[in-house]
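Student: Starting off with a structure, shown below.
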Amino acid sequence: MSPPLARREFLRAAALCGAAGAVGGMASLSGCAVPDGGGDTTGMLRIGMAGGSTSDSLDPRTYVDWMPINIGYQLMNGLVEIDAEGRAVPELLESWEPEGDARVWTFKLRQGIVFHNGKSLTPEDVIYSINLHRGRTPSAAQAVVENIVELRKLDATRIQITLAGADAELPATLSDYRLLVVPDGFEDWAHPIGTGGYTLEVFEPGVRCITRKVGGYWKPNAAHVEAIQVLSIGDAIARTNALISGQVDVINRIDGRTADLMRRNPRFQVIRSQTGQYAVFAMNCEAEPYANADIRLALKYAIDRERLLKTVLNGYGTVGNDQPIPPNNPYFAKDLAAHTYDPDKARHHLRKAGRERLDVALDVSDAAFFGALDAAILYQGAAAEAGITLHVRRRPADGYWSAVWMQAPFCGSYSDGRTTVDGALAKAYKSTSASNETRWRRPEFDRLANLARGELDPARRRELYGVCQHMICDDGGALIPLFMDHIEAGSDKVRGWQPSAIYDLMGQRIGERVWLA
Amino acid sequence: MRGLIAARVGMGFLTLAVISALLFFATDCLPGDVAAALLGPQATPEALATIRASLRLGEPAGLRYVHWLAAVLHGDFGRSLATGRSVVAMLRPRFQNTLALAGLAAIVAVPLALGLGVAAAMRAGGRLDRAVSTLCLLTISVPEFFIGYLLILLFSVQLGWLPSLAVLHGGMSLAQRLGAITLPTITLVLVVLAHMVRMTRAAILSVMSAPYIEMALLKGLTRGSLVLRHALPNAAAPIIAVVALNLGYLVVGVVVVEVVFVYPGAGQLMVDAVGKRDLPLVQACGLAFAATYVGLNLVADIVAMLVNPRLRRA
């Protein structure tokens, strides 16, 4: 269903390498990791990651941070996988077909899949696993599957999904990291039973996890290493130290400055992924003075995005243009005029709003996104040139998402990249969304976005999504200054490691994909 | 004497009771609730309502405190809101780790501090005294995470002798465990050393100027027996108090060191719990820390009374 366009230009080199290896039928090429060359290794892959907490559980309904998600993908499989190009490819669901208008979909299950307890995968298991997130449930993935009205077993190998509103990209939607498959009726989340390449050996929440290879994993060229250890290392410097002193092979979430230093040392590799993760300063369009569209535009022209990119991210990112679709997405509207830093234009819009000067407060914390405080201070300086006095209010990181976000009329926030354009739009921009942080509500936008979601013709869909992006960019309350790359680093011994299309650490599936030299 | 000890123990329990109330109501005042913290910014109102209802967040705080205290007195600290696991089961291994690290640091730091303090006092103004003073000033002026990073830079990154991660787990031998926690132990020793050394030195010097010391000196006692037999017992009370305070600090104040060395101790557990608004866990950690402090001070008081008979009549 997805357009066969390469989403990530910088990935092309790696993809070409892979193709050459396959054509040549060689085990491996020097300096270029080929999946086919992934010899099984006896070693243990050691990952030191941020995103773990003492309160973690392996119940997919509770996944909000990366360490349990990474472990979840070692133990269990999802329904649909996202490949390196960002396309939805089969995982436990082998193939799919929409009926007519993309409101009813038929999915075929992969056959011959066996759970770690010896049970074979059936449609009941898949239906149970999806239903964990539907109806009265504590799952944060409820919003992802709320479009599903009916989930039905057709026969021993097929299920049918009926939607409330048509979704031409339902398979990509079903790639959500919380939609992992367990046996029908399964509840023992301390010891998850899945169909993944590894089984759980030790799990100490917020400390470490060890999984061991099952053997006979159904995915070809996957699950190479004998065991995987994930250590929770919250402190960025401690993570870097652990990598340098050789106690872990892979770390996630390093900043641009550290990445530049690591790249100078040939013992390490730095992997950079453009996943559509973005920073945002959100204005509440229902509060004064942000209810005035000219005030919003004035604020958008008063920020120096290039400088932010250089200073805050050390260049590891892309300039944003106040709408959530990144430039490397096939649906990106190329004809959008960039909101470049222009104090004169900002003043012009202020005057159109009937003001000479503007005095507003911006609430931030580094919990909002990495470097949010620095970004706000830089913004303050740039905005002063346009006659805008910005009071930067530093708020505590603890409790930021409940006490500041969605409360303060102008505050920092962020969003992960999404696998579908609809995912990005539905989360924060449709008027029905509970996390519409800008309270920008336009019925016409909702109508167009839903129309685009159900549109099976990619060209027509691109056109509709283009209009949606124009609306958010010109009129919306989200000031999106930057798309932020995910940067991770590791030992040069880790092979088969590629940038992620979504999230980091190869979409958190690094465990089953890499091997050790 | 017995009456005095009983009174102290009674005071200790009263202190704990007051702390329990403070803990409960202070944690109750934290902005945001566990439901929102658990689900993060992606929470839907329905999911929030489901969690809130299951946690009875609607009941009045006073009632919830009474229920909680009654359960705690029966040894039941409840279940973690975030994971549903028993709070005691979550806290026990982490608290043991904290005690192990603090204990090891104390075994090294206390004798070292007393020895250096006494030695410095015996040769006040001498070369050793000045060297010890300089070391103390250096370690006390530098934040503890910085000491940690310096040690990691030297011993892990440059020399490669010791691991920078102090992750402990069941399968490790004693030697591996000791190796893993060497750097955090050295860090903690350096952090608490100065306070104890300075206090020992100052307390002994102040006693040394007393008339009975002069008398003993005139009687012809050697300097060593003068300090150890006459000055030290009389200077013991303040030294014991400072040692107790520092031992307490080793248990409850080391979360920064835990973060730097990724040590799975109780401090990190409590920080995680606060971040997730996991109130039963926060309260249990708080009570455990408070009990450690109160208990150490109690022991210090009693030991001080034992070594110095004059305090028994207070």
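Student: Name the residue, out of A:TYR301, A:TYR316, A:TYR278, that is closer than 30 Å to A:GLY354 by Cα, hydroxyl-bearing (Ser, Thr, Tyr) and open to solvent by less than 40 Å² (accessible area, probe 1.4 Å).
Tutor: A:TYR301
Student: While we're here: Just wondering, is there one or more residues in the stretch B:97-115 that are within 14 Å of chain A (Cβ to nearest Cβ) and either surrounded by fewer than 18 Cβ atoms within 10 Å (Cβ to Cβ) or within 30 Å of B:PHE24 (Cα to Cα) (or both)?
Tutor: Yes, that holds for at least one residue.
Student: Those residues that are open to solvent by less than 10 Å² (accessible area, probe 1.4 Å), within 13 Å of chain B (Cβ to nearest Cβ) and assigned to a helix (DSSP H, G or I), I need them from the stretch A:48-69; list them, please.
Tutor: Answer for the stretch A:48-69, where residues must be open to solvent by less than 10 Å² (accessible area, probe 1.4 Å), within 13 Å of chain B (Cβ to nearest Cβ) and assigned to a helix (DSSP H, G or I): A:MET67, A:PRO68, A:ILE69.
Student: Here's another thing I want to ask about it. All but one of (1) within 18 Å of A:VAL248 (Cβ to Cβ); (2) under 20 Å from the mean Cα position of the chain (by Cα); (3) surrounded by 24 or more Cβ atoms within 10 Å (Cβ to Cβ) hold for A:GLY490; which doesn't?
Tutor: Going through (1) within 18 Å of A:VAL248 (Cβ to Cβ); (2) under 20 Å from the mean Cα position of the chain (by Cα); (3) surrounded by 24 or more Cβ atoms within 10 Å (Cβ to Cβ) one by one, A:GLY490 breaks only (2).
Student: Could you check the stretch A:362-404 and list, in sequence order, the residues that are closer than 30 Å to B:CYS29 by Cα and in a strand (DSSP E or B)?
Tutor: Within the stretch A:362-404, A:LEU362, A:ASP363, A:VAL364, A:HIS391, A:VAL392, A:ARG393, A:ARG394 qualify.
Student: Could you check the stretch A:241-253 and list, in sequence order, the residues that are open to solvent by less than 20 Å² (accessible area, probe 1.4 Å) and more than 9 Å from chain B (Cβ to nearest Cβ)?
Tutor: Matches in the stretch A:241-253: A:LEU243, A:ASP249, A:VAL250, A:ILE251, A:ASN252.
Student: Given the options A:VAL181, A:VAL214, A:VAL230, A:VAL225, name the one that is more than 10 Å from every other protein chain (Cβ to nearest Cβ), surrounded by fewer than 19 Cβ atoms within 10 Å (Cβ to Cβ) and touching a residue at least 60 places away in the same chain (Cβ under 8 Å).
Tutor: From the options A:VAL181, A:VAL214, A:VAL230, A:VAL225, the qualifying one is A:VAL214.
Student: Pull up the stretch B:80-94, narrow it to residues that are more than 10 Å from every other protein chain (Cβ to nearest Cβ) and surrounded by fewer than 21 Cβ atoms within 10 Å (Cβ to Cβ), then point me to the one that is farthest from the chain's Cα centre (by Cα).
Tutor: B:SER86
Student: Restricting attention to the stretch B:272-282, which residues are more than 10 Å from chain A (Cβ to nearest Cβ) and open to solvent by less than 10 Å² (accessible area, probe 1.4 Å)?
Tutor: Of everything in the stretch B:272-282, just one residue is more than 10 Å from chain A (Cβ to nearest Cβ) and open to solvent by less than 10 Å² (accessible area, probe 1.4 Å), namely B:VAL282.
Student: Right, next: For the stretch A:145-164, give me each residue that is in contact with a Lys or Arg (Cβ under 7 Å, 6 or more places away or on another chain) and either under 25 Å from A:LYS427 (Cα atoms) or of a type outside the set (A, V, I, L, M, F, W, C) (or both).
Tutor: A:VAL145, A:ILE148, A:THR157, A:ARG158, A:GLN160, A:THR162, A:LEU163
Student: Looking at A:TRP440 and the list (1) open to solvent by less than 60 Å² (accessible area, probe 1.4 Å); (2) in a helix (DSSP H, G or I); (3) farther than 14 Å from A:ASP422 by Cα, which single condition is not satisfied?
Tutor: Against the list (1) open to solvent by less than 60 Å² (accessible area, probe 1.4 Å); (2) in a helix (DSSP H, G or I); (3) farther than 14 Å from A:ASP422 by Cα, A:TRP440 comes up short only on (2).
Student: In this structure, is A:LEU180 touching a Gly at 6+ places or on another chain (Cβ under 6 Å) and under 21 Å from A:GLU81 (Cβ atoms)?
Tutor: Judged against the criteria, A:LEU180 is a match.
Student: Condition test on B:LEU269, is it more than 11 Å from chain A (Cβ to nearest Cβ) and crowded, with 19+ Cβ neighbours inside 10 Å?
Tutor: no
Student: Sticking with this structure for a sec: Just one of (1) away from chain A (no Cβ under 12 Å); (2) modelled with pLDDT of 90 or more; (3) crowded, with 21+ Cβ neighbours inside 10 Å trips up B:CYS285, so point out which.
Tutor: Among (1) away from chain A (no Cβ under 12 Å); (2) modelled with pLDDT of 90 or more; (3) crowded, with 21+ Cβ neighbours inside 10 Å, the lone unmet condition for B:CYS285 is (1).
Student: Given the options B:ILE213, B:ILE302, B:ILE239, B:ILE204, name the one that is hydrophobic (A, V, I, L, M, F, W, C), over 18 Å from the mean Cα position of the chain (by Cα) and buried (at least 21 other Cβ atoms within 10 Å of the Cβ).
Tutor: B:ILE204
Student: Still on this structure, I have one more. For B:PHE261, only one of the following conditions fails: (1) within 14 Å of another protein chain (Cβ to nearest Cβ); (2) among the aromatic types (Phe, Trp, Tyr); (3) open to solvent by 10 Å² or more (accessible area, probe 1.4 Å). What is its number?
Tutor: Result: B:PHE261 passes all but (3).
Student: Mind telling me which of the residues A:ARG257, A:ARG272 ends up being part of a strand (DSSP E or B) and either within 14 Å of chain B (Cβ to nearest Cβ) or surrounded by fewer than 20 Cβ atoms within 10 Å (Cβ to Cβ) (or both)?
Tutor: A:ARG272
Student: Which ones in the stretch A:70-106 are assigned to a strand (DSSP E or B), in contact (Cβ under 8 Å) with a residue 24 or more places away in the chain and of a type in the set (Ser, Thr, Tyr)?
Tutor: Listed by number, the list holds a single entry, A:THR106.
Student: Also, I was wondering about something else. Taking the stretch A:405-417 on its own, how many of its residues are within 9 Å of another protein chain (Cβ to nearest Cβ) and either in a loop (DSSP other than H, G, I, E, B) or of a type in the set (D, E, K, R) (or both)?
Tutor: Residues in the stretch A:405-417 being within 9 Å of another protein chain (Cβ to nearest Cβ) and either in a loop (DSSP other than H, G, I, E, B) or of a type in the set (D, E, K, R) (or both): 2 in total.
Student: Now for a separate question. Identify all residues within the stretch A:130-168 that are farther than 18 Å from A:ASP446 by Cα, open to solvent by 40 Å² or more (accessible area, probe 1.4 Å) and within 14 Å of chain B (Cβ to nearest Cβ); write none if there are none.
Tutor: Within the stretch A:130-168, A:ARG134, A:GLY135, A:ARG136, A:PRO138 qualify.
Student: Right, next: Of these, A:ASP374, A:ASP363, which one is acidic (Asp, Glu) and open to solvent by less than 60 Å² (accessible area, probe 1.4 Å)?
Tutor: A:ASP363
Student: Looking only at residues in the stretch A:319-330 that are open to solvent by 10 Å² or more (accessible area, probe 1.4 Å) and in a loop (DSSP other than H, G, I, E, B), which one is nearest to A:GLN277 (Cα to Cα)?
Tutor: In this case the residue turns out to be A:PRO326.
Student: Another question, then. Please indicate, with yes or no, whether at least one residue in the stretch B:163-171 is more than 9 Å from every other protein chain (Cβ to nearest Cβ) and under 25 Å from the mean Cα position of the chain (by Cα).
Tutor: Yes, the stretch B:163-171 contains a residue that is more than 9 Å from every other protein chain (Cβ to nearest Cβ) and under 25 Å from the mean Cα position of the chain (by Cα).
The values are calculated or read from the model by the stated rules, or taken from the named source; none is laboratory data. Bear in mind the structure is a predicted one, so any value in this text is a computation, not a measurement. Don't worry about glycine lacking a Cβ; one is built from the backbone with ideal geometry, like all the others, and counts go over all protein chains shown. What goes into the accessible areas is simple: the full protein's heavy atoms, side chains included, and nothing from ligands, DNA or RNA. Shrake-Rupley method; radii C 1.70, N 1.55, O 1.52, S 1.80 Å.
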